[in-house]
Amino acid sequence: MADPNVLNPHPPEFERFLYASVGEDRNGYVVTVLSTLARLGLDPWKETAELVALGRDAARARLGTLLTRFPDVPTLESDHSRVAGDLSQLLPESPPSQTLKRVASTVADGSLGKSGVIWTTLAIVLLLYQVMSTVGSGSGP
């Protein structure tokens, strides 16, 4: 049976945390945790998996440190520890689910995982098909 997470390899347990607001930027737009982590040059799902593995208190401290490095939301300068505390409550509970364990192990060992292999194989097959179609459709004698 096919893995139900092939099309969405990211754990749904992370969504509540990643889509939570950290505040408004200077233009009045809401900035999410996902956007914050990405703007800091971090992989949001990898960072979330690491935060979950740390536990709530250590995750709160790590989030506080990350939020102090994020200048795009002016209110974070004075309120980063409260925001970090609120956000850490949105992280999935321990022990991690099977999906979370799978993502954490994939992040740790850098492997593609089953879904990555499937998509890579599919891409190669489609590329070969396009090449064969182009070569086979040349002009006749």
Of the residues that sit in segment 58-75 and are assigned to a loop (DSSP other than H, G, I, E, B) and of a type in the set (V, I, T), which one is surrounded by the most Cβ atoms within 10 Å (Cβ to Cβ)?
-> V73
Which of the residues belonging to segment 78-102 are at pLDDT below 85, exposed (fewer than 15 other Cβ atoms within 10 Å of the Cβ) and not polar (S, T, N, Q)?
-> E93, P95, K101
Is one or more of the residues making up segment 34-42 outside any helix (DSSP H, G or I) and touching a strand residue (DSSP E or B) at 6+ places or on another chain (Cβ under 6 Å)?
-> no
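Among residues belonging to segment 30-51 that are out of contact with any helix residue (DSSP H, G or I) (no Cβ under 9 Å at 6 or more places or on another chain) and at negative phi, point out the one that is surrounded by the most Cβ atoms within 10 Å (Cβ to Cβ).
R39
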Could you list all residues from segment 17-29 that are within 18 Å of the chain's Cα centre (by Cα) and surrounded by 15 or more Cβ atoms within 10 Å (Cβ to Cβ)?
-> F17, L18, A20, S21, V22
Can you name every residue in segment 107-141 that is of a type in the set (A, V, I, L, M, F, W, C) and either at pLDDT below 75 or under 27 Å from K46 (Cα atoms) (or both)?
-> V107, A108, L112, V117, I118, W119, L122, A123, I124, V135
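The values are calculated or read from the model by the stated rules, or taken from the named source; none is laboratory data. Every value quoted in this text rests on a predicted model; they were computed, and no experiment measured them. So basically every Cβ, Gly included, is an ideal-geometry build from the backbone, and we count neighbours across all protein chains shown.
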